Amino acid sequence: MTAAGETAPVSAGAAAPSGVAAAARGGWYGVAGSATNAVFAFLFVGLITRAVGARGAGAVFTGVALFTILSNTCKLGADTGLVRFVSRDLAVGGGRSVGALLRTALVPAAVAGVAAALPLLCFPAVATTLLPHLPPADAVTLVRLFALFLPVATVGLVLLGATQGHGTVVPFVGVEQIGKPVLRVLIAVPVAYYAPGMVSLSAAWLLPALAGTVAAWAALRRCRAAHGTVTPTGRPGATPWRAFWRFSTPRAVSSVFDISAVWVGVILLSALSTSSEAGVYTAVGRVVTAGTLLQLAIRLAVAPEISRLLAVDETGEARHLHHVSTCWIVLFSWPLFVLIAGFPRAVLSLFGPEFTHGAPALVVLCVASMINVAVGNAQTVLLMAGKSSWHLVITAVAFTVQVTVGLLAVPVWGALGAAVSWGAAIIVENLSAAVLIRRRLGFTTVDRGYTTALGVGLVVSVALAAARALAGDTASGLAVAIACGMCTFGTTLWWYRKVLGVSELVGVLRRRAA
């Protein structure tokens, strides 16, 4: 174990700290899931845009935005609460309270899902307000379709949080990052060919939610059986329901701000600009989200480990885990965002020629996302340390900034205005979280490995800039840049492998394979 503020390199043959080992195993699955998610999400967005154009895609993804915001709102923060409390109960209580924790979390979330669906089903004015550019009958049908799937999707998200609390990211990766994206594409391909339309393609996006909830329930049963929490031995522990909801309630509100930050731009564009602008912004947001999937993959693995380490007073190892995970995130994410920002028109042309005018918006969000990944999983540290109220204040301020800027900029700049508003929120939220965990919790970010990771990113940036200067923002230029960037990245990664902790990660993965 290293002292706080230090990140000593570990050789491949040395025993890695248990927290880092568990995070590396989970991160490996998460990376595979993130790659699959990115590929199939791109395919799905491409299918939608090619089938119904930017205007139709804007309408479909306005429904997706509404559904995503409401499903993440209705889970009431219970998924994050289960990650924290189940992992702590397994670490210090033998898992005796897991069953009671599940009941405490699932019943309110299911009720909230039903309550949120009813207004969408009963009040057509909601649909016509959100989709003013569609015929009223089409808008109402589209919104009601999304409302029907809302309760079951909400329950599925909470169940997956419980599996993460049992120390595995495999069910989440299998359902959310592999199963649903793949099923959506498999369903959408024949639909786009034989019956293209906004309602039919929306149904293709929604149907995997049913299978996902069933799979999440089955995975949780296996996790509980493996850990002995289905019928735990010994006297059941007291259910910390007050503590659970005291933690989860602020998280419920902050999760609304978190997910709304991703999708509120689509809704603002649909209501204040045009459906075409909403479609372009959706494509831009999908590219940026794909770039942050590695950060999400590592967050999924790190969160329960940090909670467990803090529960057993292993604060030094928790800080070490934060150092190492942040280094990995910066190392692999910065070059990707530099590549996308250097060739925005070439990247967006994959969705169709009408999407290339979103290039300035993509550059703005790439810059903001580089600041996001630079602070690592600072917000995860806040939550797993039990500081959900701090996280709520941060996300509330950031969301206020986003909505204010969006209301002013979207009517004037369209997709670029939505990107500026989201980028401002990203910067405010992440820098605030980084300052809090440093000053209040003692979790620092910058060390030798971190600065080396930034240096690697800068070296790769030079290679990409040279490729852009030679070939321009074209598909061929993008291909040249990818080849040059990979060679430069691989060389520098090998040269600084010990400082960056790559030897530690490789050692963990080798032992896992053995």
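Listed by first and then second residue, the pairs with beta-carbon distance under 9 Å, at least 6 apart or on different chains, first residue in region 96-112 and touching a residue at least 24 places away in the same chain (Cβ under 8 Å) and at positive phi, second among the charged types (D, E, K, R) and crowded, with 19+ Cβ neighbours inside 10 Å, form an empty list.
Would you tally the residues in region 131-144 being buried (at least 20 other Cβ atoms within 10 Å of the Cβ) and either closer than 14 Å to LEU121 by Cβ or small (Gly, Ala, Ser) (or both)? Explain how you work it out, then say what you get.
Just the residues of region 131-144 that are buried (at least 20 other Cβ atoms within 10 Å of the Cβ), to begin with: 131, 134, 139-140, 142-143.
Going one step further and asking which of them are either closer than 14 Å to LEU121 by Cβ or small (Gly, Ala, Ser) (or both), we end up with 139-140, 142-143.
Qualifying residue count for the region: 4.
The helices (runs of 4 or more DSSP H) located wholly in region 313-381 that include 1 or more residues which are modelled with pLDDT under 85 and charged (D, E, K, R) occupy 315-342.
Please work out if ALA188 is farther than 30 Å from ARG308 by Cβ, in contact with a helix residue (DSSP H, G or I) (Cβ under 7 Å, 6 or more places away or on another chain) and part of a helix (DSSP H, G or I). Show your work before the answer.
Working: farther than 30 Å from ARG308 by Cβ: yes; in contact with a helix residue (DSSP H, G or I) (Cβ under 7 Å, 6 or more places away or on another chain): yes; part of a helix (DSSP H, G or I): yes.
In short, yes.
State whether the residues of region 189-201 include one that is open to solvent by less than 40 Å² (accessible area, probe 1.4 Å), within 24 Å of ARG286 (Cβ to Cβ) and within 26 Å of the chain's Cα centre (by Cα).
Within region 189-201, one or more residues are open to solvent by less than 40 Å² (accessible area, probe 1.4 Å), within 24 Å of ARG286 (Cβ to Cβ) and within 26 Å of the chain's Cα centre (by Cα).
You will find that of ALA467, ALA378, ALA479, the residue that is under 29 Å from LEU82 (Cα atoms) and of a type in the set (Gly, Ala, Ser) is ALA378 and no other. Taken together, SER388, SER333 contain a single residue that is open to solvent by less than 20 Å² (accessible area, probe 1.4 Å) and within 30 Å of ALA243 (Cα to Cα), which is SER388. Exactly one residue out of LEU160, LEU220, LEU210, LEU206 is under 26 Å from the mean Cα position of the chain (by Cα), open to solvent by less than 50 Å² (accessible area, probe 1.4 Å) and under 28 Å from ARG55 (Cα atoms): that is LEU206. Check region 400-416 and report whether any residue there is surrounded by fewer than 21 Cβ atoms within 10 Å (Cβ to Cβ) and either in contact with a Cys (Cβ under 7 Å, 6 or more places away or on another chain) or under 30 Å from TRP328 (Cα atoms) (or both). Yes: region 400-416 contains one or more residues that are surrounded by fewer than 21 Cβ atoms within 10 Å (Cβ to Cβ) and either in contact with a Cys (Cβ under 7 Å, 6 or more places away or on another chain) or under 30 Å from TRP328 (Cα atoms) (or both). The sole residue among LEU150, LEU186 that is more than 17 Å from the chain's Cα centre (by Cα), surrounded by fewer than 21 Cβ atoms within 10 Å (Cβ to Cβ) and modelled with pLDDT of 90 or more is LEU186. Here ALA110 passes the criteria (1) aliphatic (A, V, I, L, M); (2) open to solvent by 20 Å² or more (accessible area, probe 1.4 Å); (3) touching a Cys at 6+ places or on another chain (Cβ under 8 Å) except the one numbered (3). ARG96 meets all of the listed conditions (1) open to solvent by 40 Å² or more (accessible area, probe 1.4 Å); (2) in a helix (DSSP H, G or I) but one, namely (2).
Considering only residues that are touching a Leu at 6+ places or on another chain (Cβ under 9 Å) and open to solvent by 10 Å² or more (accessible area, probe 1.4 Å), which ones fall in region 305-315? Full working, then the answer.
Of all residues in region 305-315, those touching a Leu at 6+ places or on another chain (Cβ under 9 Å) come to 305-309, 315.
Matches in region 305-315: GLU305, ARG308, THR315.
Here PRO171, PRO181, PRO132, PRO151 are screened, and the one residue that is touching a residue at least 24 places away in the same chain (Cβ under 8 Å) and either outside any helix (DSSP H, G or I) or at positive phi (or both) is PRO132.
The values are calculated or read from the model by the stated rules, or taken from the named source; none is laboratory data. What you see is a predicted model; the values in this text were computed from it and never measured. Glycine also receives a Cβ, built like all others from the backbone with ideal geometry; neighbour counts cover every protein chain displayed. Protein only, heavy atoms only, side chains kept; ligands, DNA and RNA dropped before computing areas. Shrake-Rupley method; radii C 1.70, N 1.55, O 1.52, S 1.80 Å.
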